[in-house]
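This report concerns only the one structure given below.
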């Protein structure tokens, strides 16, 4: 079933590339970049890995209760002749995933899609996906769905604020995109309340203001006997990207899945996932040992800041 899903996705991307090749105005690689970003293939990639979904109140970190009483005020966040975007409300009703609701007035002749770039909530980098596009010459309510698992992992029980940029994409040929300035949406939460619950793990490395730890949650219900989370802190004044290189699990080479972008002063808690087929191929049913290197680069130009030495983690 999973191989079939991957084949469908591959065929869909091939069709997209074929459709784009008829235009000579924009290089193909730009179409690919816009298309992949808009489809949020990170979610597809994660779906191919062994990660059970959380339910309300369930947390590998202990007790967690999302505060669903907070609200946001209606506010106009982007205003041009072609596009007006208004934040309408914060919705907790339809699913575990909170939704930040927008009204988008599209006065252009093109269908538009939105993406939330470099979103952070309470100083933690988060992921979110818009649920639909906006047809040409129309107004539509759209929802930015926040990943509940991200909130749990980060310990954000009460959302105090969102901060992000919006990418406004022409979503028929993906040939045009506009990125807004940073947008900050403040909730009704008490600003003196804690931003997040404490998350503590085993220190992996600390280098010139960049700190990483690993947290292991053992549970026999997981395919590998445990889940692993990387806690990253960027205490520098530059935006960075962290990537895992040369991952070995119990001595076997496995495709590394960990990569995260961290704006200056921000944190992230991201799960380290593994390709299920590779675990099966190496007959790995329990992870006893991890070894890898971590690379830090500048987010804006990919300049390498440092490569860590070999990091080894052993689990009894």
- [ ] Please specify each residue of the stretch 236-266 satisfying the condition of being part of a strand (DSSP E or B), over 25 Å from residue 298 (Cα atoms) and either touching a residue at least 24 places away in the same chain (Cβ under 8 Å) or in contact with a strand residue (DSSP E or B) (Cβ under 6 Å, 6 or more places away or on another chain) (or both).
- [x] 248, 249, 252
Open item on the list: I want to confirm something. Restricting to the stretch 165-175 and keeping residues that are buried (at least 16 other Cβ atoms within 10 Å of the Cβ) and in contact with a strand residue (DSSP E or B) (Cβ under 7 Å, 6 or more places away or on another chain), which single residue is modelled with the lowest pLDDT?
Closed with: 171
Task: Condition broken by residue 181, with the remaining ones in (1) under 30 Å from residue 76 (Cα atoms); (2) out of contact with any strand residue (DSSP E or B) (no Cβ under 8 Å at 6 or more places or on another chain); (3) in a loop (DSSP other than H, G, I, E, B) satisfied - done: (2)
Task: Residue under evaluation residue 283, criteria (1) under 19 Å from the mean Cα position of the chain (by Cα); (2) surrounded by fewer than 14 Cβ atoms within 10 Å (Cβ to Cβ); (3) farther than 19 Å from residue 120 by Cα, criterion not met - done: (1)
- [ ] Filter the stretch 188-201 down to residues that are loosely packed, with under 13 Cβ neighbours inside 10 Å and within 23 Å of residue 242 (Cα to Cα), then give me how many there are.
- [x] 2
- [ ] Return yes or no: is residue 149 farther than 24 Å from residue 70 by Cβ, touching a residue at least 40 places away in the same chain (Cβ under 8 Å) and either in contact with a helix residue (DSSP H, G or I) (Cβ under 6 Å, 6 or more places away or on another chain) or not in a loop (DSSP other than H, G, I, E, B) (or both)?
- [x] no
Open item on the list: Contact list please: Cβ distance under 7 Å, first residue in the stretch 169-183 and within 10 Å of residue 110 (Cα to Cα), second residue in a loop (DSSP other than H, G, I, E, B), pairs at least six apart or on different chains.
Closed with: 170/110; 170/176; 171/111; 171/133; 172/110; 172/111; 173/23
Task: Condition met for residue 102 (more than 22 Å from residue 199 (Cα to Cα), surrounded by 21 or more Cβ atoms within 10 Å (Cβ to Cβ) and in contact with a strand residue (DSSP E or B) (Cβ under 9 Å, 6 or more places away or on another chain)) - done: yes
Open item on the list: Exactly one of these conditions fails for residue 107: (1) surrounded by fewer than 20 Cβ atoms within 10 Å (Cβ to Cβ); (2) within 20 Å of residue 163 (Cβ to Cβ). Give me its number.
Closed with: (2)
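If a residue has to be part of a loop (DSSP other than H, G, I, E, B), buried (at least 16 other Cβ atoms within 10 Å of the Cβ) and either at negative phi or touching a helix residue (DSSP H, G or I) at 6+ places or on another chain (Cβ under 8 Å) (or both) to count, how many in the stretch 202-235 make the cut?
Kept after step one, since they are part of a loop (DSSP other than H, G, I, E, B), are these residues of the stretch 202-235: 208-209, 219-225, 235.
Filter again for buried (at least 16 other Cβ atoms within 10 Å of the Cβ), leaving 222-225.
Filter again for either at negative phi or touching a helix residue (DSSP H, G or I) at 6+ places or on another chain (Cβ under 8 Å) (or both), leaving 222-224.
Qualifying residue count for the region: 3.
Taking the criterion of being in contact with a strand residue (DSSP E or B) (Cβ under 8 Å, 6 or more places away or on another chain) and closer than 20 Å to residue 191 by Cβ, would at least one residue in the stretch 80-87 satisfy it?
Going through the stretch 80-87, the residues in contact with a strand residue (DSSP E or B) (Cβ under 8 Å, 6 or more places away or on another chain) turn out to be 82-87.
With the extra rule that they be closer than 20 Å to residue 191 by Cβ, the set shrinks to 87.
Checking the stretch 80-87: at least one residue is in contact with a strand residue (DSSP E or B) (Cβ under 8 Å, 6 or more places away or on another chain) and closer than 20 Å to residue 191 by Cβ.
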Open item on the list: If residue 283 meets every condition in (1) more than 24 Å from residue 152 (Cα to Cα); (2) in a loop (DSSP other than H, G, I, E, B); (3) touching a residue at least 12 places away in the same chain (Cβ under 8 Å) apart from one, which number is that one?
Closed with: (3)
Open item on the list: Residue under question is residue 269, and the condition is that it be closer than 25 Å to residue 150 by Cα, in contact with a helix residue (DSSP H, G or I) (Cβ under 7 Å, 6 or more places away or on another chain) and surrounded by 15 or more Cβ atoms within 10 Å (Cβ to Cβ); does it hold?
Closed with: yes
Task: The one condition in (1) closer than 28 Å to residue 159 by Cβ; (2) at pLDDT 95 or above; (3) crowded, with 18+ Cβ neighbours inside 10 Å that residue 244 fails to fulfil - done: (1)
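The values are calculated or read from the model by the stated rules, or taken from the named source; none is laboratory data. Because the structure is predicted, anything quoted here is derived from the model rather than measured. Cβ coordinates were reconstructed from backbone atoms using ideal geometry, including for glycine residues, and neighbour counts include every protein chain displayed.
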